[in-house]
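Undergrad: First the structure, which I've put down as C-alpha cells, then a few questions once you've had a look.
All of the numbers you see were taken from the coordinates with simple rules; none came from a lab. Because the structure is a prediction, the values reported are computed rather than measured. Backbone-built Cβ (ideal geometry, glycine too); neighbour counts: all protein chains shown.
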Amino acid sequence: MRIILFLFIFLPTETVIAELLKPSPNLQPQEVISIQLDALKNNNKPFENAGIEQTWEFAHPSNRVFTGPLSNFIKMMYSPSYLIMLNHLEHNIILVKNQSDVSYYFVELTDKEGNKFGFQWILEKVIINSEFKNCWMTSGVSKPMLIAKSV
C-alpha cells in the first residue's frame, strides 16, 4: 500500500487582510503620528484604504464625533485638503510642544507630485474611562499649508 502525501503551502496573498495596529498606553505621541503617516504613505497596502483605516484607529474619540463614522472619514481623506497625504513621498515629524495630556507637532509632507505641505497635528491622551484610556490619539489635523511648490 502506497501513501501519497500532499503538502499544501499557503503563502500570503493580496487578499489577506492584515491586522491594524491598535491604540495602546505604551505608544508615545510621535509613534502614533508615525504609524498614521506611514500607513497613509502606503494607503492601499495591504488592502484598499488600509492606510486610512489605520489612521482612523488612532482618531481620538472626540475627533471621531466630527469625522466619523469610518465611511465619512474615508470620504474626508479623499477631499482636496487631505488627498495629498495619500501615497505621499516623505514626511518629517517635528515636536512643537509636549504636555502631560496634549502634544503639538508640525508635520512636513511631500506629496506624490513633489509639493511640500505643512500640517499642525494635535494628539491628546484619552482621560475618560474607555477602551482607549491613557492612549495617545489624534484629536486634530489642520488643513495643509503649502510650503514649497515643485518645479
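Undergrad: By how many degrees, 0 to 90 and rounded to 10, does the Cα axis of helix 29-41 deviate from the longest principal axis of the chain?
TA: On a 0 to 90 degree scale, this one is about 60.
Undergrad: Considering the zone a paramagnetic label at E113 would reach in this model (a point 7 Å from Cα along the Cα-to-Cβ line), which residues of region 30-44 have amide N under 16 Å from it?
TA: Counting backbone N atoms under 16 Å from the label point, the list is empty.
Undergrad: So, in nm, how far is label V151 from label N44 when the simple model puts each one 7 Å beyond its Cα toward the Cβ?
TA: Using points 7 Å along Cα→Cβ, the separation is 3.0 nm.
Undergrad: Rounded, prolate or oblate, given the Cα gyration tensor of region 57-137, with a/c below 1.5 counting as rounded?
TA: oblate
Undergrad: Express in nm, to one decimal, how much length is gained between Y104 and K143 on full extension, taking 0.36 nm for each residue of separation and deducting their alpha carbon distance.
TA: Contour length minus the Cα-Cα distance gives 12.6 nm.
Undergrad: Could you give me D for region 30-72, from Stokes-Einstein at 4 °C and 1.567 mPa s, where the hydrodynamic radius is the Kirkwood radius over C-alpha pairs? Units µm² s⁻¹, please.
TA: 123
Undergrad: For region 82-151, which GluC sites (Glu not before Pro) are both in a DSSP coil and crowded by at most 16 other Cβ atoms within 10 Å?
TA: Hits after loop and neighbour filter: E113, E131.
Undergrad: Using a 10 Å cut-off around each Cβ, can you sort L21, L89 from fewest to most neighbouring Cβ atoms?
TA: L89, L21
Undergrad: Hey, any idea what the orientation-averaged projected area of the convex hull of the chain's Cα atoms comes to, in nm²?
TA: For the chain, averaging the hull's shadow over all directions gives 13.3 nm².
Undergrad: Still on this structure, please answer the following. Give me W136, W56 sorted ascending by neighbouring Cβ count inside 10 Å, so fewest comes first.
TA: W56, W136
Undergrad: Sticking with this structure for a sec: What value, in deg cm²/dmol to 500, does the helix sum -39500 (n - 2.57) over DSSP H runs of n ≥ 4 give at 222 nm once divided by the residues of the chain?
TA: Value at 222 nm, helices only: -7000 deg cm²/dmol.
Undergrad: Right, here's the next one. Using each residue's phi in region 49-65, evaluate 6.51 cos²θ - 1.76 cosθ + 1.60 at θ = phi - 60° and report the 3J(HN,Hα) Karplus result to the nearest Hz, with x for Gly and Pro.
TA: Computed from phi, the couplings for region 49-65 are 6, 4, x, 5, 5, 5, 4, 4, 4, 9, 7, 4, x, 5, 6, 4, 4 Hz.
Undergrad: Label-point separation (nm) for I74 and S62, each offset 7 Å from Cα along Cα-to-Cβ?
TA: 2.8
Undergrad: Same structure again: Taking K and R as +1 and D and E as -1, what net charge do the other residues with C-beta under 13 Å from the C-beta of L37 add up to?
TA: Neighbourhood net charge equals -4.
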